[in-house]
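The values are calculated or read from the model by the stated rules, or taken from the named source; none is laboratory data. Bear in mind the structure is a predicted one, so any value in this text is a computation, not a measurement. Methodologically, a virtual Cβ is constructed for each residue, glycine included, from the backbone with ideal geometry; neighbour enumeration extends over all protein chains shown.
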Amino acid sequence: MLALTLVAICIIFGAFGQISMKNGMSQIETINSASQLTNGSTVINMFSNLYVVVGLLLYMISAFLWLGALSSLNVSYIYPLLSLGYVITALFATIFLHEYISLTRWGGIFTIVIGCILILKT
């Protein structure tokens, strides 16, 4: 039970990390090329943005907790559950970023949920 709780926390932290990084990157100039991505000022802007840093920190915590989950459960069982991160991230994106998600996308998200339910029943 502890391992599945760790997986759930990993999923939530990963989703919040994505939302935080997106929020931070929305405050930075749009990156349109690889050279712009490696530009020193762009990198400084990314790593000096609080939202980006918090998002990366959440990802690091998630990775650390993931190791705990891996120590006690089969990776073939828990790794597919990480796809629930797509579901949670989509929900958070609609709530916090006010993104529109089409009915077709919701259909795909529903399919992911069904797949995860099937995995949990094994």
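Only one of the listed residues (Y51, Y59) is touching a helix residue (DSSP H, G or I) at 6+ places or on another chain (Cβ under 6 Å), modelled with pLDDT of 95 or more and buried (at least 16 other Cβ atoms within 10 Å of the Cβ). That residue is Y51. Of the residues making up the range 62-77, those that are among the hydrophobic types (A, V, I, L, M, F, W, C) and either farther than 11 Å from C10 by Cα or exposed (fewer than 15 other Cβ atoms within 10 Å of the Cβ) (or both) are A63, F64, L67, L70, L73, V75. Look at (1) within 22 Å of L120 (Cβ to Cβ); (2) modelled with pLDDT of 95 or more; (3) of a type in the set (A, V, I, L, M) and you find that A93 fails only one, number (1). I117 meets each of the listed conditions (1) buried (at least 16 other Cβ atoms within 10 Å of the Cβ); (2) assigned to a helix (DSSP H, G or I); (3) of a type in the set (A, V, I, L, M, F, W, C) apart from (1). Checked against the criterion of being assigned to a loop (DSSP other than H, G, I, E, B), under 20 Å from S26 (Cβ atoms), without any contact (Cβ under 8 Å) to a residue 60 or more places away in the chain and among the hydroxyl-bearing types (S, T, Y), the candidates Y59, Y100 yield just one match: Y100.
All of N39, N32, N23 fail the test of being polar (S, T, N, Q) and surrounded by 17 or more Cβ atoms within 10 Å (Cβ to Cβ), apart from N23. The residue of the range 40-56 that is nearest to A93 (Cα to Cα), among those that are without any contact (Cβ under 8 Å) to a residue 12 or more places away in the chain and among the small types (G, A, S), is S48.
Please verify whether L67 is in contact (Cβ under 8 Å) with a residue 12 or more places away in the chain and of a type outside the set (V, I, T), treating the condition exactly as stated.
Values: in contact (Cβ under 8 Å) with a residue 12 or more places away in the chain: no; of a type outside the set (V, I, T): yes.
No, not satisfied.
Of all the residues in the range 6-39, those that are part of a helix (DSSP H, G or I) and either closer than 20 Å to F92 by Cα or in contact (Cβ under 8 Å) with a residue 60 or more places away in the chain (or both) number 20. The sole residue among T94, T104 that is polar (S, T, N, Q), within 22 Å of N23 (Cα to Cα) and surrounded by fewer than 16 Cβ atoms within 10 Å (Cβ to Cβ) is T94.
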